[in-house]
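First comes the structure, then the notes that go with it.
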Amino acid sequence: MLWHRNAGKGRPLEPLKIIAPPPKNAVEQLLLLQEAISQLEALIQSGNIVLLKVRALIFAALPQATDRTALLLVIMALAFAFVPLKHLILFAFLESFTTNMPLRKISSERDLRRIREWWIRIPAAPVQLMKPDDKKTR
């Protein structure tokens, strides 16, 4: 940044070249919009499920999972309290870069599978849909 600031004085920036998408008729645009809306609905639904599962963990719907989560949070708090931040960042980078190495790949996949199975076993909090009362609005 400093080199461009000092060496490029007086030169205007080159404009970015963007290729415009091909024109589509109204039906294709509606289909694309419908697909985008369905993807957004699926994303919102999965986000709601995550929130319901977190709610179930907080309110101890599954006590064993809540105990594990509380223990994990305590361990993380102790790590943040007593281990220097640079070591935690170094550990995070080391973990992210060595996860797919041949020596660790099998154990990493196994651990991810166990975490995924644990997450699936957590029940989402029960939801009850209530219909609005039309009598009150009339």
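The values are calculated or read from the model by the stated rules, or taken from the named source; none is laboratory data. These numbers come from a predicted model, not from an experiment. Positions of Cβ are generated from backbone atoms using ideal geometry, with glycine treated the same way; all protein chains shown enter the neighbour counts.
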message: Given (1) farther than 28 Å from Ala61 by Cβ; (2) modelled with pLDDT of 90 or more, identify the lone condition not met by Asp133.
response: (2)
Residues within segment 14-58 that are touching a Ser or Thr at 6+ places or on another chain (Cβ under 6 Å) and either without any contact (Cβ under 8 Å) to a residue 12 or more places away in the chain or among the acidic types (Asp, Glu) (or both), tallied: 0
statement: So, first residue closer than 15 Å to Gln64 by Cα in segment 103-122, second residue of a type in the set (Lys, Arg), Cβ within less than 7 Å, six or more apart or across chains; the pairs are Ile122/Lys53
- prompt: Are there any helices (runs of 4 or more DSSP H) wholly within segment 1-116 with 2 or more residues that are of a type in the set (Asp, Glu) and surrounded by 10 or more Cβ atoms within 10 Å (Cβ to Cβ), and if so which?
  reply: 26-58
